[in-house]
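Here is the structure we will look at.
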Amino acid sequence: MMPSNTIPPSFLDILFANRNKAYGAYALRVNYANRLWLSLGAALSVAGFFVIAALLYEPSDTPPVPRKKDTVTVIIDPGIVQPKPPAPPPVSTPPRSQRAAVPAQIKYNTIKLVPDHIADHIIPAVEDLTDKQPGNFNNAGESLNGQPIMNGVPGGEGQVAAAVPVEKPFVPDQQEPEFPGGQSALVRFLQKYLIIPDQLEAGEKKMVRARFMVDAQGVVSLVEITETGGNVFDREVIRVCKKMPRWKPAIQNGVPVSRSYVLPVTFVGVEQ
């Protein structure tokens, strides 16, 4: 009997003996080993590439050379102070009413004729009345010096005109909004956060004027450009204004109020 050269069927041939081998499942199972080795080889190749690159990399001890930037001077003009209302005219106050000076007087009562030996006082001469006014008793007051006699009795209890209270002139109590730390702190803030656009050349100036609102809590909002220096410069000023911290709000009669503020910024390019 001759030996048979027929290759025994594989497990897949037995599994798909009476089934359709053309719909895909048979092909996937037959080529599974090839795809497995191909995927494994690709993964190992990528991992080996990164390992070799890490071993070959040697960090340089030389510090990186910073890129030379254009020298630009930023000039921030002081903020425009809002116009203050005109001060009211001074209030004219009438002079204080003063109590009239007590004039000198001489006792000059009704004359009663009696014998000389029982008279209790001597009647003053008419010449003594030239600088004194007659009264019920003698009083060494101020001499009249020929002035007319004033009505009233010295030391009386009559009412005297009350002194008119002096009204102080009105001084408006108001304060403009202020950056925390003052104007110098505002200049340092802008110089720190402003990024100079590359379009600015040496000797060239760009003026940007921005107006924004500082509310009663000191929050900056409603930033707008009232004088443009170019689209790039306008956007940069608006960006920095929106980064500002809370301001000290404006004060009107002791109460915090909202107030607009105008900030002019001038960019000046200088030669290196």
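Among the residues of region 217-263, those identified as in a strand (DSSP E or B) and touching a residue at least 40 places away in the same chain (Cβ under 8 Å) are K248, A250, I251, Q252, P256, V257, R259, S260, Y261, V262, L263. Scanning region 247-261 for residues that are under 11 Å from V214 (Cβ atoms) and either of a type in the set (A, V, I, L, M, F, W, C) or touching a helix residue (DSSP H, G or I) at 6+ places or on another chain (Cβ under 6 Å) (or both) returns W247, A250, V257.
Just to verify a result, which residue in region 189-234, among those that are among the basic types (K, R) and at pLDDT below 90, is surrounded by the most Cβ atoms within 10 Å (Cβ to Cβ)? Of everything passing the filter in region 189-234, K206 is surrounded by the most Cβ atoms within 10 Å (Cβ to Cβ). Taking every residue in region 28-49 that is within 26 Å of L12 (Cβ to Cβ) and pairing it with any residue that is of a type in the set (A, V, I, L, M) and surrounded by 10 or more Cβ atoms within 10 Å (Cβ to Cβ), at least 6 positions away or on another chain, the pairs with Cβ-Cβ distances below 9 Å are R29/L12; R29/L15; V30/L12. All of (1) closer than 29 Å to D198 by Cβ; (2) surrounded by 14 or more Cβ atoms within 10 Å (Cβ to Cβ) hold for A250 with one exception: (1).
The values are calculated or read from the model by the stated rules, or taken from the named source; none is laboratory data. None of these values were measured; they are calculated from a predicted model. All Cβ positions, glycine included, derive from the backbone under ideal geometry; neighbour counts span all protein chains shown.
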